[in-house]
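Colleague: So that we are looking at the same thing, I have put the structure below in structure tokens.
What follows draws every value from the coordinates through simple rules; no lab data is involved. What you are looking at is a predicted structure, and each value in this text was computed from that prediction instead of being measured. Ideal geometry is used to build each Cβ from the backbone, glycine not excepted, and the neighbour counts take in all protein chains shown.
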Amino acid sequence: MNEASSQAAPRWQLPAGAQLLDEPGPKGGNILLRLGDAVLKLYRSRGNAWYEALRSVLVRIFERKRGITPWARHRTERRSLALWEREGFEVPRRLQRPLPRGLAPPGLWLEFCPGPTLSQLLEEQEHERVRLAEELGRRLQPRHRRALALREPLLLMEHATTNHIFIDGDRWVSFDLENGYCPGFPVLDGLVYELSSFLRALAKRTGDQADAALRAFVRGYNDPLLLEQVCARGLDSESVLHRLRRWSDQRRRESLSKTAMLVGLRQLLALPTAHQ
Ligand SMILES: Nc1ncnc2c1ncn2[C@@H]1O[C@H](COP(=O)(O)OP(=O)(O)O)[C@@H](O)[C@H]1O
Ligand SMILES: [Mg+2]
């Protein structure tokens, strides 16, 4: 099937009993529906489908990310979910159901996760922030080590944010894995992006407890050697991508840029008390 033309116009009809969880913006985008205990994720173009197909090729070549067309994102999400599940990392369970009539592929059925997200908990429960930060570190480290051991960049979260983790008691479910890196992408580079993105999301949501949250995260992660390697890669690497990111962060002068997060992390790791 021609991927671009099949996604030309987002014509769709809400099935009976369905609740819209996330609707496309004015330029399009995915449609998320809840039907009872299941969620249907319908992958759609964000803007012009042909332009997206062209960008998809460029992103593959220059950023070494898997394609961004709806069919490519659908494929990546299915692969990632299967891999994460096989390796014992919590993701929404996939359900085998046909698409309702009138809804065009690509679509994926998932279990409905009631939430809340980690972002919601961090924002609502001030007294829990430091504990949640420590728990986040504790939960991320084994997956990062496994990704390195397998040299598997698909075990990383390309769009890492505290918005993309549902918490249901002891279950921390990561979701939105539709974007990922191509095979052979260096896992350490992916870790630079994932960790700095998570630290930025934590800092944004912990306000004046941000320093304590960072210390708690490092304590929970409990792998200073790997964190130091990530800082070195992100801050010292002369590769074009890292230099570009550092340059653009510096230009924007954001206090919560990814580079700033790595600088803060490195400073903390250098303190004699950092690993306690
Ligand atoms: N399995 C799920 N259970 C409950 N809600 C979900 C589930 N998957 C997605 N959602 C809801 O839909 C929103 C968008 O889903 P997401 O996978 O992040 O799509 P997108 O790639 O378009 O960002 C989420 O922020 C969440 O509110
Ligand atoms: Mg999302």
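Colleague: Let me have the 222 nm mean residue ellipticity of the chain computed from DSSP H runs of 4+ only, each contributing -39500 (n - 2.57), with the sum over all residues rounded to the nearest 500.
Modeller: The per-residue figure over the chain is -15000 deg cm²/dmol.
Colleague: When the chain is fully extended, how far beyond the present Cα-Cα distance does Ala18 get from Trp50, taking 0.36 nm per residue of separation?
Modeller: 8.5 nm
Colleague: Checking the cross-link filter: which lysines have an alpha carbon closer than 20 Å to that of Lys204, excluding same-chain neighbours under 8 positions apart?
Modeller: Lys258
Colleague: Using +1 on the beta carbon of Lys and Arg, -1 on that of Asp and Glu, and nothing else charged, what's the dipole of the stretch 159-276 about the Cα centre, debye to 20?
Modeller: 460
Colleague: Let me ask something else. Residue farthest toward the positive end of the dipole of the chain, with Cβ of Lys/Arg at +1 and Asp/Glu at -1: which of Ser196, Ser80, Gly264?
Modeller: Sorting the options by dipole projection puts first Ser80.
Colleague: As a test of understanding, state the convex hull volume per residue of the stretch 3-162 from its alpha carbons, in Å³.
Modeller: 140
Colleague: May I pose another question? So, R0 is 30 Å and r is the distance between the beta-carbons of Leu150 and Ser255; what FRET efficiency does that work out to, to 0.05?
Modeller: 0.25
Colleague: Antiparallel as a % of all DSSP beta bridges within the stretch 50-204, to the nearest 5?
Modeller: Close to 100 percent.
Colleague: Excluding same-chain residues fewer than 8 positions from Lys27, which lysines have a Cα within less than 22 Å of its Cα?
Modeller: Hits, sequence-local ones excluded: Lys41.
Colleague: Run the quick spin-label model on Lys27 and Glu111: label points 7 Å from Cα toward the beta carbon, then report their separation in nm to one decimal.
Modeller: Each label point lies 7 Å from its Cα, and together they span 3.5 nm.
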